[in-house]
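Each remark here refers to the structure printed beneath this line.
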Amino acid sequence: MNYTLKSIPEREAKPRERGFTMAMDKGLSIREVEDFLEVAGEYVDIVKLGWATSFVTPNLKKKLEVYKAAGIPTYFGGTLFEAFIARNQFEDYRRVLDKYEMTFAEVSDGSLEMPHDVKCEYIAKLADQVTVLSEVGSKDAEKIIPPYMWIKLMKAELEAGAWKVIGEAREGGNVGLFRSSGEVRSGLVEEILTQVPFEKILWEAPQKAQQVWFIKLLGANVNLGNIAPSEVIPLETIRLGLRGDTFDHFLNMEKAGLKI
């Protein structure tokens, strides 16, 4: 930090299990990645190359090397995994992970109908090769999954070998965990948290109001994802109570004798 302020929430140090920030790269150039990491690399834990953008991204290997040199792991979006599965190319997908020296992979079924036991089998197989993040939730706004099912799916995927489970929201933050307006389905989140440890969940929360809601509920060290590169530093100020949205939140907690 550039100077000292008292009463700032303590952030977990990298590499961390809690307080994860996953940024979404939807097609940055190599120069844009370099600029992004120069400014925000300290606050990014992992970068997702959104959905199947890696299939059409020029100079992919060079771009991944820039992230790797900065100590930022990357992974391909879950839709790419689904695209391979839909074409019966799972082994080809595994070879792609090896070709690009990926150490993380996302397993999802947001666009593809897949029996859940089959999804868990894919998680288990990939967990022998890479660190797996599995995504729960549908990209179809009309498909509402009840809370008990979210819990059942998340638990099963963690047991199958997922390192963390991702709560689906898409890059717009208007499905899955959220209503079409972007409003958090608060009852759903709170019920999930009664059964699944919060450090094991990465909540996709691309909108500022969503980030604020989760930070107020779970503190500065909540795991948040689908953050636009330009929003990583703004998010960090929200985590630290240095933006109007959370300015009083942590100060009031401290005044009440609560740990911030």
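Annotations for the structure displayed:
- So F250, is it closer than 16 Å to S7 by Cβ, of a type outside the set (V, I, T) and buried (at least 16 other Cβ atoms within 10 Å of the Cβ): yes
Table: residues versus (1) assigned to a strand (DSSP E or B); (2) exposed (fewer than 15 other Cβ atoms within 10 Å of the Cβ); (3) at pLDDT below 95; (4) out of contact with any strand residue (DSSP E or B) (no Cβ under 6 Å at 6 or more places or on another chain).
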residue: Y3; (1), (2), (3), (4): no, yes, yes, yes
residue: A13; (1), (2), (3), (4): no, yes, yes, yes
residue: R16; (1), (2), (3), (4): no, yes, yes, yes
residue: G27; (1), (2), (3), (4): no, yes, no, yes
residue: E32; (1), (2), (3), (4): no, yes, no, yes
residue: E38; (1), (2), (3), (4): no, yes, no, yes
residue: K48; (1), (2), (3), (4): yes, no, no, no
residue: S54; (1), (2), (3), (4): no, no, no, no
residue: R95; (1), (2), (3), (4): no, yes, no, yes
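- Test: residue in region 148-169 that is at pLDDT below 95, part of a loop (DSSP other than H, G, I, E, B) and not polar (S, T, N, Q): yes
- Condition check for K143: at pLDDT below 90 and more than 19 Å from the chain's Cα centre (by Cα): yes
- Filtering region 231-260 to residues that are free of Cβ contacts under 8 Å to residues at least 24 places away in the same chain and among the small types (G, A, S) leaves G244, A256, G257.
- Subset of region 183-234 (residues that are β-branched (V, I, T) and either touching a strand residue (DSSP E or B) at 6+ places or on another chain (Cβ under 6 Å) or not in a loop (DSSP other than H, G, I, E, B) (or both)): V184, V189, I192, I201, V212, I215, I227, V232, I233
The values are calculated or read from the model by the stated rules, or taken from the named source; none is laboratory data. Owing to the predicted nature of the structure, the values given are computational and were not obtained by experimental measurement. Counting neighbours? That spans all protein chains shown, and the Cβs are built from the backbone with ideal geometry, glycine included.
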